[in-house]
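Single-structure report; data block below.
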Amino acid sequence: MAKMKLGRKLLEMLFIVGLGLVSVAMLLAAQSYAAPAVRRFQMLRLRTSILGAAGVATAPAEVNGIFEARVTEARGNGATYYRVDSLVVYEFKGRGLWGPVEGVITLDSGLTRIRSVRVLVQEETPGLGDRIKDPAYLVTYQNKTALEPLVLAMRHQAVEANEVDAISGATLSSEALLVIVGDAVAQLRQAMGK
């Protein structure tokens, strides 16, 4: 009787292990099947973001053709940046208050002025810190100098060439984005040898 119980437990254990192995194999197969589509989507999202950051309007079906015709990809010091007409676009990634922040920054060709900042991915607090992605907030970066460090205007409206407005109630998220953008400018300068 004890031998039968042991044999039954062993069979149950083997069944569970076998079921787990089959499940893992199915998940790995699904991942490898979907991987090319995921890479294509990520490339399309990046290309769309780069063109949008440079002010180039495109229909979804035209993104790849317009990107190929108007964008030059360049590398320097391990960083990749993109030239679109007289602008330079750089993809940035950094740590926000609660998670990663990713986006693109656009500068003039001399890297003297920030033309735009776009946040594509963020995990900040909904309704507060997540406002770092709002175009109405990001306009505060427009035409700011890229020649000196950016600073956060805390208790007043940003008026200086290197000041950026803080988000009321989300100072730490504002500061995190400011640091990420400053780091992106420094990395781009290094990549371009400026």
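Bear in mind these aren't lab numbers, they're just calculated from the coordinates by the rules spelled out. Fair warning: this is a prediction, and the values are worked out from it, not measured in the lab. As a convention, Cβ positions derive from the backbone with ideal geometry for all residues, glycine included, and neighbour counts pool all protein chains shown.
Against the numbered list (1) surrounded by 21 or more Cβ atoms within 10 Å (Cβ to Cβ); (2) free of Cβ contacts under 8 Å to residues at least 40 places away in the same chain; (3) assigned to a loop (DSSP other than H, G, I, E, B); (4) not basic (Lys, Arg), Glu124 comes up short only at (2). One residue is enough: does the range 133-146 have a residue meeting the conditions in contact with a helix residue (DSSP H, G or I) (Cβ under 8 Å, 6 or more places away or on another chain), within 28 Å of Leu44 (Cα to Cα) and of a type in the set (Lys, Arg)? Within the range 133-146, not a single residue is in contact with a helix residue (DSSP H, G or I) (Cβ under 8 Å, 6 or more places away or on another chain), within 28 Å of Leu44 (Cα to Cα) and of a type in the set (Lys, Arg). Candidates Ile180, Ile114: the one that is surrounded by 13 or more Cβ atoms within 10 Å (Cβ to Cβ), outside any strand (DSSP E or B) and of a type in the set (A, V, I, L, M, F, W, C) is Ile180. Comparison of Arg131, Arg189 shows that the only residue that is surrounded by fewer than 21 Cβ atoms within 10 Å (Cβ to Cβ), within 20 Å of the chain's Cα centre (by Cα) and not in a loop (DSSP other than H, G, I, E, B) is Arg189. Among residues of the range 58-111 being among the hydroxyl-bearing types (Ser, Thr, Tyr) and in a strand (DSSP E or B), the one that is nearest to Pro135 (Cα to Cα) is Thr106. Scanning the range 34-67 for residues that are more than 19 Å from Leu120 (Cα to Cα) and loosely packed, with under 14 Cβ neighbours inside 10 Å yields Ala34, Ala35, Pro36, Ala37, Ala61, Glu62, Gly65.
Within the range 134-147, the set of residues being assigned to a loop (DSSP other than H, G, I, E, B) and either under 16 Å from Gly55 (Cβ atoms) or within 18 Å of the chain's Cα centre (by Cα) (or both) comprises Asp134, Gln142, Asn143.
The residue that is nearest to the chain's Cα centre (by Cα), among those in the range 70-111 that are among the aromatic types (Phe, Trp, Tyr) and buried (at least 18 other Cβ atoms within 10 Å of the Cβ), is Phe92.
Residues in the range 148-177 that are of a type in the set (A, V, I, L, M) and either assigned to a helix (DSSP H, G or I) or surrounded by fewer than 19 Cβ atoms within 10 Å (Cβ to Cβ) (or both): Val151, Leu152, Ala153, Met154, Ala158, Val159, Ala161, Leu172, Ala176, Leu177. The residues of the range 148-176 that are over 23 Å from the mean Cα position of the chain (by Cα) and hydrophobic (A, V, I, L, M, F, W, C), listed by number, are Ala153, Met154, Ala158, Val159, Ala161. Only one of the listed residues (Ala176, Ala166, Ala153, Ala136) is in contact (Cβ under 8 Å) with a residue 60 or more places away in the chain and over 21 Å from Leu111 (Cβ atoms). That residue is Ala176.
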